Amino acid sequence: MFFEITKSILLIVSALFPIVNPIGGSPVFLLLTQDYSTESRRLLARRVAINSFILLIVSVVVGTHILSFFGISLPVVQVGDELIVVSTGWAMLTRSDQVDRGQVHQDVTQQDILRNAFYPLTLPLTVGPGSISIAITLGANEPRHLGANLLSLLSAAIGSALIAVTIYLCYGYADRLAAVVGPSGMNVILRLSSFLLVCIGVQIFWNGMSALVKTLRL
């Protein structure tokens, strides 16, 4: 039993971690929260991590049922979410390099965190349609009898929690990465991350559109 749970956890983490990619997403998070204080940024990072945990485990456990209930196909989710990703990545890629060094950090309240943490920082920038589709696939391949369901739920919870912890660490301490690489190095990382975000968005958008076009031919 312990071996089966460990195997399932490793499968979930190995499948989701490269797609969620909190290490690569940390410069994007830092750019979008550069006006926040360190405490506010870490509070926001914790909320994004919690949201990501909930979104991942829901996708694994009941993702297929939710999409079926609303009559939404996964390609439609891919197209809709990636339009947002491309728009956000393009805005970051083309933003001005000029920064007001005398700018005062913004203090955000708990209400601000709850209002702004989910969109777009959690969905689609952290847990996007790629992560959701993989989580749904993992959940759909699990056995459906009671014992296996309990093991799958436990594995999904632990695996999603591990992903959430890495999100918090990478996002909450992204400012330390900026301090290490310096302003010039961070600007290069931010521009490259923004460009990759646009490319990933276009690729997943294309995958979704291709799947939708195939359904029209049937």
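The single residue among L114, L169 that is at pLDDT 90 or above, in a helix (DSSP H, G or I) and either within 22 Å of I9 (Cβ to Cβ) or under 18 Å from the mean Cα position of the chain (by Cα) (or both) turns out to be L169. Condition check: crowded, with 18+ Cβ neighbours inside 10 Å and either farther than 16 Å from Y119 by Cβ or not polar (S, T, N, Q) (or both). Does P18 satisfy that? Here the answer is no, as P18 does not meet what is asked. Among the conditions (1) modelled with pLDDT of 80 or more; (2) open to solvent by 30 Å² or more (accessible area, probe 1.4 Å), A140 misses just one, which is (1). Taken over the range 2-15, residues that are under 17 Å from L153 (Cβ atoms) and open to solvent by 70 Å² or more (accessible area, probe 1.4 Å) amount to 5. When V180, V188 are checked against the criterion of being part of a helix (DSSP H, G or I), modelled with pLDDT of 85 or more and open to solvent by 70 Å² or more (accessible area, probe 1.4 Å), a single residue qualifies: V180. Condition test on P27, is it outside any loop (DSSP other than H, G, I, E, B), open to solvent by less than 10 Å² (accessible area, probe 1.4 Å), modelled with pLDDT under 90 and not acidic (D, E)? It is true that P27 is outside any loop (DSSP other than H, G, I, E, B), open to solvent by less than 10 Å² (accessible area, probe 1.4 Å), modelled with pLDDT under 90 and not acidic (D, E).
Taking each residue of the range 4-23 that is on the phi > 0 side of the Ramachandran plot and looking for partners that are at pLDDT below 90 with beta-carbon atoms closer than 6 Å, six or more apart or interchain, yields nothing.
Of all residues in the range 57-76, those satisfying the criterion of being in contact with a Gly (Cβ under 8 Å, 6 or more places away or on another chain) and either open to solvent by less than 30 Å² (accessible area, probe 1.4 Å) or not aliphatic (A, V, I, L, M) (or both) are S59, V60, G63, T64, P75. Taking the range 38-78 as the range and being outside any loop (DSSP other than H, G, I, E, B), within 27 Å of S155 (Cα to Cα) and among the small types (G, A, S) as the test, the residues that pass are A45, A49, S52, S59, G63, S68. Taking the range 172-218 as the search range and keeping residues that are free of Cβ contacts under 8 Å to residues at least 40 places away in the same chain and of a type in the set (D, E, K, R), which one is farthest from P27 (Cα to Cα)? So, considering only residues that are free of Cβ contacts under 8 Å to residues at least 40 places away in the same chain and of a type in the set (D, E, K, R), the one farthest from P27 (Cα to Cα) is R217. R41 meets each of the listed conditions (1) closer than 13 Å to L123 by Cα; (2) modelled with pLDDT of 85 or more apart from (1). When the range 33-56 is filtered for residues that are among the hydrophobic types (A, V, I, L, M, F, W, C) and surrounded by 18 or more Cβ atoms within 10 Å (Cβ to Cβ), the ones remaining, listed by number, are L43, L44, A45, V48, A49, F53, L55, L56.
In the range 39-56 there is no residue matching the filter, namely being acidic (D, E) and in contact (Cβ under 8 Å) with a residue 60 or more places away in the chain.
The values are calculated or read from the model by the stated rules, or taken from the named source; none is laboratory data. Because the structure is predicted, anything quoted here is derived from the model rather than measured. Neighbour counts run over all protein chains shown; Cβ positions are idealised from the backbone, glycine included. Accessible surface is based on the protein model in full, side chains and every heavy atom, while ligands, DNA and RNA are left aside. Shrake-Rupley method; radii C 1.70, N 1.55, O 1.52, S 1.80 Å.
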